[in-house]
Amino acid sequence: MGAASSFLCTQADAIPGQLIAGTLPAVRHCIVYGKEDGTLREETQQLPTVTDQSDHVWVRVHAVGLNPVDAKNVVGDKFPHHWRIVRSWVRSALVAGTIPGFDYAGTVAALPKHGRALKCNADDLPALKVGDAVFGTMPALQGTLATYIAAPRHQMWHKPESLSFVQAAALPLVGLTAYQCLQPHMAFRNEKDGASNASASSVLVVGGSGGTGHVAIQVARNLGARCVTAVCSTRNVAFCHQQGATYVVDYTANGGDKDTLRRHLLETGPACPFDIVLDCVSSADPRDQQTFSYRQLLQQDVHIQKLLNEAAVYRRLGGPSLDWLRAGMEQKLGWTGVWKYTTTKRNSNDDRLFWIRFPHTSLQLQALSIMANQGQLLPKVEKVYSFSATDVERAFDDLLSRRVRGKIVVELVKETDQQKD
């Protein structure tokens, strides 16, 4: 790791911008995107001895949760697949050389100039001291696949005590996605229906066995959903039930055609009408194309429409480039009117592509942490890979196969090593 640089001066001795508590090595080891699609390389980078980022904390990374967006070079389906020149330019000019990863779990290694401990302030940011176990997210292209990261304090919270570092690293992005998609609409509906009927919402999760889907099932139940129906393949039916799904629809049964799926959805009976649909499958990326479009089936099929509440919301995690533009305008500017006109036949003001919001999510991470500590939320980790470019490339291949049940995590600090620290 190189020689350690220790910053243990007192508040009175602190220089503006100086790290004043904690210990950092001289360098960090990281994995970065290569110039060619699907390639990664390992790098050693110098660590600063001063920082002007007063709202960031240096974290020693113990584990990193990977997501399909990491395997798709962050771009995913945001640009049409036939825009090869544009996608190639984005890859070489913006993505190459950056660190993959959004999720992490680790321990606070060093604090900025505020002092030896950061107190909780009016913004409800976590109170921190060196050695605290934390989990959270990093902004796009700043990455987590590194031994040390300067993490935004408003994008972290204390690691759930009930979870290991590997389990905690699997939670942030998918947990925030599920929480941000579901909570506002369930809260609105529950408030409208009255406190005496708090468990009013019925939720349909398409892709219930994947990274986001299996966590969404659990989050929906924690938020008081009356019913949660999951769509998955035959091999994952029992798994989705274990996550808390009330009903599970096997889309592969009897050949996996539209008529079969339609019939099974109609058979869910008491789950209907659905108030919220979270579609974790639909995507414009050719690598993700299914035998049929869930969005088209759920939004345009006259029989299926009867299963949706008149005020139902439909949230999908992928889609055409124009929808990514709309989602960006809603996310950055708050313009919801951009969804007024879409290609579906329903009144589709509530049919939107969802783009996760990372800044100022500490309290949402706290909510997820509480669920985990109460034994009500547990991310499933299917595979754990070692911290090497070769292993991470294998992990990316697994993610692109769309056959992962739960999450994939890269472990940087073994559990036995954590006990020695």
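Every read-out reported here was derived from the displayed coordinates using simple, explicitly stated rules and does not represent laboratory data. Because the structure is predicted, anything quoted here is derived from the model rather than measured. Here Cβ is always computed from backbone atoms with ideal geometry, including for glycine, and neighbour counts include all displayed protein chains.
Residue ranges 132-138, 318-324, 399-405, 223-229 sort as 132-138, 223-229, 318-324, 399-405 when ordered by packing (mean number of other C-beta atoms within 10 Å per residue, highest first).
Peptides 33-43, 235-245, 54-64 ranked from most to least packed, by the mean per-residue count of other Cβ atoms within 10 Å: 54-64, 235-245, 33-43. With 25 Å as the limit, the listed pairs LYS35/LYS383; LYS72/LYS380; LYS306/LYS380; LYS159/LYS414; LYS159/LYS383; LYS35/LYS72 have LYS35/LYS383; LYS306/LYS380 beyond it between alpha carbons. Counted residue by residue at 0.36 nm each, then reduced by the alpha carbon distance between them, the extension gain from LYS383 to LEU325 reaches 17.5 nm.
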